[in-house]
1. Checking L247 against (1) crowded, with 21+ Cβ neighbours inside 10 Å; (2) within 28 Å of the chain's Cα centre (by Cα), which single condition isn't satisfied?
2. Of the residues S408, S370, which is out of contact with any Ser or Thr (no Cβ under 6 Å at 6 or more places or on another chain) and modelled with pLDDT of 95 or more?
3. In region 37-68, how many residues are among the hydroxyl-bearing types (S, T, Y), in a helix (DSSP H, G or I) and on the phi < 0 side of the Ramachandran plot?
4. With the checklist (1) open to solvent by less than 10 Å² (accessible area, probe 1.4 Å); (2) touching a Ser or Thr at 6+ places or on another chain (Cβ under 6 Å); (3) part of a helix (DSSP H, G or I) in hand, flag the one item D303 doesn't pass.
5. What pairs can you find where one residue is in region 327-352 and open to solvent by 50 Å² or more (accessible area, probe 1.4 Å), the other is modelled with pLDDT of 95 or more and part of a strand (DSSP E or B), and their Cβ atoms are less than 8 Å apart, with a gap of 6+ or different chains?
6. Considering each of L115, L89, L104 in turn, give the residue that is in a helix (DSSP H, G or I), on the phi < 0 side of the Ramachandran plot and buried (at least 22 other Cβ atoms within 10 Å of the Cβ).
7. When you go through (1) free of Cβ contacts under 8 Å to residues at least 60 places away in the same chain; (2) open to solvent by 50 Å² or more (accessible area, probe 1.4 Å) one by one for T316, which number turns out not to apply?
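The values are calculated or read from the model by the stated rules, or taken from the named source; none is laboratory data. Only a predicted model underlies this, so the values are computations on that prediction, with no experimental measurement involved. Cβ sites come from the backbone with ideal geometry, for glycine too, and all protein chains shown count toward neighbours. Heads up: the accessible areas ignore ligands, DNA and RNA and are worked out on the full protein's heavy atoms, side chains in. Shrake-Rupley method; radii C 1.70, N 1.55, O 1.52, S 1.80 Å.
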Amino acid sequence: MKRTVASGAAVAATLAVAALALPDATAAAQNRPHASGPHYYTTKTPYQPRENPRDYQAAPKGFTPVFTENVARHGSRAMTDGDDGDAVLAVLESARTQNALTPLGAQLGPQVRTLLTGASTIGYGSLSGRGAQEQRDTALRLERRLPSLFSAIVAGDEPIEVETSGVARAVASADAFTGGLTAGDPALAGLIQAPVTNKDLLYFHKQPQNADYQAYLAGDPDLAAVIAETDGLPDTAKAATHVVSRLFGAKFVKAMPSADRISFARSLYELYSAAPDLSVEAPGVDLDPFLAPRDARWFAYLDDAEEFYQKGPAFTGRTITYDMANVLLDDLFAQAEAKADGTSDKGAVLRFTHAEEIEPLAVVLGLPGSAKSADLNRPYTYENNPWRGADVAPMAANVQWDLYARTSTGRGAQYLVRMLFNEKETAFKTSCKPVAKGSRFYDLNELKRCYDRA
């Protein structure tokens, strides 16, 4: 296939702009252990709700909540394997035998070993203690936001449906979330159904019907070119050299090929971004001192670029990375419509999935900061695109729809939907018209129209 991306030199020139806004830190701050400052964990960022419920809008007069549904990523987890940790430890051991560790470098090995022990104790890829708590806390906040709905669910004996991808960390997330619900109201225990696996809905990126997407990941020339050229920018080697220079003596660093410096720095970044998710299993581990903020930000950018092109809005004019998420959007509408037309007695539908589903869903929904694609000849950078993994798909990321009904007007029932994205009231895409200017409430029929589901 003919290559359609810009030349390597042109792409490099465009992407190099990303380095210009990197924050400069003083040498003292860069080398001081446990220096405070910004963090760049991308999609491994631990979950925090994005808005105080006290700031939520009140529902329009006469409307009460009758149903809620969500799509949630699993909570914080252990890294999927120990390869990065082993790679970092191997280089540290080589430096130790050559008496080439700096005082800072000498502190890194014990931190990495503690992190690996914590991960292996619960199982690589498994939901961590922090991840379980994220889900429990989110469930409790859901109950507190909608107390009248959950009272009605109990009074009406309405079932709460639970669906997962079937992957262990998603199932464990569902269990933690429903455990949070029952901790808040024990009467819900008998109404929460056993979780069922629905891979077509919640693990669609791996299913046979999306073989075209899998082929895109495996061999699309535009994807391969833009990732290779992004990774190959001069700032990658520069950041990697700065990382190893803080940990190893000058002679040792000089003997390391550039590729080895980059490989080490990227493995260290992976550990840095995974460490906060294991705060329960590996308490006291803090890898922030070993990556200066400037370097962490650069490697975060490389990670975000890969996520953007593989799971997010990707290339302008191509929908391969997110078309498959329409199955989830269809189900959100189907469940809300079934409740509105009286064919469903469910009080809630809870779904637990992965970043591979959350990121494309955000695109098809048109969520703020989630849907801007990149032209082939103007690749994604932090300066030309708002997409950030930490905002779109942190650990336990979630989209929630609350359905409100008004049935006492004599004009028939009317149903409104409010959306929360990571617990922040969020507008639907701009072609959807809310019930009033600035409102976060939308008529269900209007949403069906603007998302072409009428």
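1. So L247 meets the others, but not (2).
2. Values: S408 fails: modelled with pLDDT of 95 or more.
After applying the criteria, what remains is S370.
3. To start, the set of residues in region 37-68 that are among the hydroxyl-bearing types (S, T, Y) comprises 40-43, 45, 47, 56, 64, 68.
If we keep only those that are in a helix (DSSP H, G or I) as well, we get 42-43.
From the residues that got through so far, the ones that are on the phi < 0 side of the Ramachandran plot too are 43.
The total comes to 1.
4. With respect to (1) open to solvent by less than 10 Å² (accessible area, probe 1.4 Å); (2) touching a Ser or Thr at 6+ places or on another chain (Cβ under 6 Å); (3) part of a helix (DSSP H, G or I), D303 is out only on (1).
5. Hits for this filter: zero, empty list.
6. Numbers: L89 fails: buried (at least 22 other Cβ atoms within 10 Å of the Cβ); L104 fails: buried (at least 22 other Cβ atoms within 10 Å of the Cβ).
Result: L115 is the single residue among L115, L89, L104 that is in a helix (DSSP H, G or I), on the phi < 0 side of the Ramachandran plot and buried (at least 22 other Cβ atoms within 10 Å of the Cβ).
7. (1)
Let's see how each residue does on (1) within 30 Å of F315 (Cβ to Cβ); (2) of a type in the set (V, I, T); (3) in contact with a His (Cβ under 8 Å, 6 or more places away or on another chain):
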site	(1), (2), (3)
L332	yes, no, no
Q335	no, no, no
K339	no, no, no
H354	yes, no, yes
L376	yes, no, no
N384	yes, no, no
